[in-house]
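Below you'll find the structure, written out as structure tokens, and then a few comments.
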Amino acid sequence: MSHAQGQDSGLFEFRENGKGALYEQLAQSLRRAILDGQFVVGGKLPSSRLLARSLGISRNTVLAAYEVLSAEHLVVARGRKGTRLASHSHVNQSNVLPAIAPPPSRYVARVRKLPPTSLSSLRPQPAFDLHYGEAFADPRLLHSWRRKLSAAALRASPHYPDPCGFLPLRRAICDYLVRRRGISCTEKDVLIVAGTQQAIALIARVTLNEGDVAVIEDPHYQYARQALVAHGAHVIAVRTDDEGLVTSEVAPLDARLVYVTPSHQFPSGVVMSLKRRMELLQIVTQQRGYILEDDYDSEFLYRNGSLPALRTLAPSNRVIYVGTFSKTLFPSLRLGYIVCPTSLRDDLSAAKRLDDLGCPAIEQAALAAFIQSGQFDKHLRNSVEALRPVRDVLVEGLRRHCGDQVEIRGDHSGVHIVAWFKRMRHGHLDRLVQLACERGLGLYSIAPSYQARPPTPGLILGYAGLTAGGATRAMEIFGEAFAALGKDELPLSRPSANKIVA
Ligand SMILES: Cc1ncc(COP(=O)(O)O)c(C=O)c1O
């Protein structure tokens, strides 16, 4: 019997009820099984691979369901050691479980409804991983960074830091922005934050009340959407096309905040046209809203001819520019910055102060010294030179294996590309992902970044974590999986495991 009617996998019974995404239905069945005492308290859940195979569903679906249970504290993820039942998951005691208790606040109620994201720690760790978000690990960088860090540790003050950020770092960022992005600002405009994620949360706090409309792009960065939803905004995803955000659809929404990635739309890779930029500025100015410009990866430019930042078109007071060191250095650093419009400077600084009293002093001092010494610019040049051949191997490999079936986008900059498979169905792509995974290659669908699954299946291929040699091997495995797909019976198309819930 297919699990669509209800299937006992030999491990537990799974009944699809058509309500919600497949991973949510699976999480619901597993939750019931746990609370009914079908698994031993403190014991292991079946491995994701085994359960996926026995139910005939994708492993990512099982992982997404496990992640939901983990967020509810019913299970504990232990990396490669598997997933265990939490020790308090007693039989028929659902009322003592923290996440099953009624949400103590509207914030918690919103957060509990958020779907898992693809930066999950439960993700399989294949030998070759094209997961987006991996850091570019340059041993030269780590060496010089360590030296800057220990020098900064000797000098840094033990007192509370300036909540707006270490002054020499803010100055270094101003200097960098004018040189590389054409943005002129003073150190008073720059607020140091703990990455883009904190920037979005602070900007939401300062510009949005609960229920206010915040526009994001479709497709979009899942963490941006989640931060805005958690804040209580009414988040509306607006279509993008070959020119970026479709501004005519933004105008009627009267948005307080419009979050955009104009330099390299995330994840489609499109550059927002000048016409659309001007239209967006006009709409937001008329409606007295704000644009959050997330300029997350424009440093990695492989061709000439990028457009300057949106902020350069409107230096005044409607564009809140956000930059991060997560791509240029590494994401565990948790440092980024906001270039504040003058009118919001004090309010954003107050929000930052109340949130954490400022970012860690030693890292800020080390970073200031790293930029001032010219090592940051040198590192950026090295990174582009190292990543360009990796990108080339992927692009060439995809074209060789898939010919005119594949359309590649977003390869002019950044650390990921998108491959669209024009003649495939989504079921084919799920199977390709599975075949690659069985051979040690991690591939990831672009669908979870969309509000609803896009008509054409596509992959988002992140390459910051690979060397050119690793990329060559990754493409060999891709070729094997793609060839095996041709011989396989095609599976039925099914809803995306990470379908976004509003
Ligand atoms: C669109 C986008 N913005 C920003 C970031 C970086 O976020 P953070 O600075 O919080 O690490 C990422 C990282 O993956 C991203 O994809």
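Given 365, 386, 419, 369, which one is open to solvent by less than 10 Å² (accessible area, probe 1.4 Å), away from the ligand (no atom under 16 Å from the Cβ), on the phi < 0 side of the Ramachandran plot and of a type in the set (Gly, Ala, Ser)? Quick ask: steps written out before the conclusion?
Details: 365 fails: open to solvent by less than 10 Å² (accessible area, probe 1.4 Å); 386 fails: open to solvent by less than 10 Å² (accessible area, probe 1.4 Å); 369 fails: open to solvent by less than 10 Å² (accessible area, probe 1.4 Å).
Just a single option satisfies the conditions, and that option is 419.
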Query raised in the report: How many residues are surrounded by fewer than 23 Cβ atoms within 10 Å (Cβ to Cβ) and away from the ligand (no atom under 16 Å from the Cβ) when one looks only at segment 319-347?
Result: 7
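Which one of 274, 257, 281 is in contact (Cβ under 8 Å) with a residue 24 or more places away in the chain, open to solvent by less than 10 Å² (accessible area, probe 1.4 Å) and over 16 Å from the mean Cα position of the chain (by Cα)?
257
With respect to residue 269, determine if the residue is crowded, with 18+ Cβ neighbours inside 10 Å, in contact with a helix residue (DSSP H, G or I) (Cβ under 6 Å, 6 or more places away or on another chain) and under 18 Å from residue 450 (Cα atoms). So that I can check it myself, show each step before the final result.
Working: crowded, with 18+ Cβ neighbours inside 10 Å: yes; in contact with a helix residue (DSSP H, G or I) (Cβ under 6 Å, 6 or more places away or on another chain): no; under 18 Å from residue 450 (Cα atoms): yes.
No; evaluated as a whole, the condition is false for this residue.
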Requested in this report: Kindly indicate which of 194, 199 is within 18 Å of the chain's Cα centre (by Cα), buried (at least 17 other Cβ atoms within 10 Å of the Cβ) and under 19 Å from residue 298 (Cβ atoms).
Outcome: 199
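In this structure, is residue 109 in a helix (DSSP H, G or I), more than 14 Å from the ligand (Cβ to nearest atom) and either within 21 Å of residue 446 (Cβ to Cβ) or over 23 Å from the mean Cα position of the chain (by Cα) (or both)?
Spelling it out, it is not the case that residue 109 is in a helix (DSSP H, G or I), more than 14 Å from the ligand (Cβ to nearest atom) and either within 21 Å of residue 446 (Cβ to Cβ) or over 23 Å from the mean Cα position of the chain (by Cα) (or both).
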Query raised in the report: Quick one: in segment 284-313, which of the residues that are away from the ligand (no atom under 16 Å from the Cβ) and buried (at least 21 other Cβ atoms within 10 Å of the Cβ) is nearest to residue 163 (Cα to Cα)?
Result: 290
Requested in this report: Take residue 375 and decide whether it is of a type outside the set (Lys, Arg) and more than 25 Å from the chain's Cα centre (by Cα).
Outcome: yes
Report task. Mind counting the residues in segment 157-175 that are within 16 Å of the ligand (Cβ to nearest atom) and small (Gly, Ala, Ser)? Result -> 1
Requested in this report: Give the residues of segment 385-425 that are more than 17 Å from residue 465 (Cβ to Cβ), in a helix (DSSP H, G or I) and in contact with a helix residue (DSSP H, G or I) (Cβ under 7 Å, 6 or more places away or on another chain), sorted by residue number.
Outcome: 401, 402
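Does residue 332 meet the test of being hydroxyl-bearing (Ser, Thr, Tyr) and part of a helix (DSSP H, G or I)? So that I can check it myself, show each step before the final result.
Working: hydroxyl-bearing (Ser, Thr, Tyr): yes; part of a helix (DSSP H, G or I): yes.
Answer is yes for this residue.
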Requested in this report: Considering only segment 245-254, state which residues are open to solvent by less than 60 Å² (accessible area, probe 1.4 Å) and either over 20 Å from residue 207 (Cα atoms) or in contact (Cβ under 8 Å) with a residue 60 or more places away in the chain (or both).
Outcome: 245, 246, 247
Query - When residues of segment 473-497 are limited to those that are among the hydrophobic types (A, V, I, L, M, F, W, C) and part of a loop (DSSP other than H, G, I, E, B), the one modelled with the lowest pLDDT - result: 497
Report summary line: The residue that is farthest from residue 266 (Cα to Cα), considering only those in segment 426-453 that are open to solvent by less than 10 Å² (accessible area, probe 1.4 Å) and outside any helix (DSSP H, G or I), is 441
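The values are calculated or read from the model by the stated rules, or taken from the named source; none is laboratory data. Keep in mind that this is a model prediction, so the values were computed, not measured. As a convention, Cβ positions derive from the backbone with ideal geometry for all residues, glycine included, and neighbour counts pool all protein chains shown. With ligands, DNA and RNA removed, areas are computed over all heavy atoms of the protein, side chains included. Shrake-Rupley method; radii C 1.70, N 1.55, O 1.52, S 1.80 Å.
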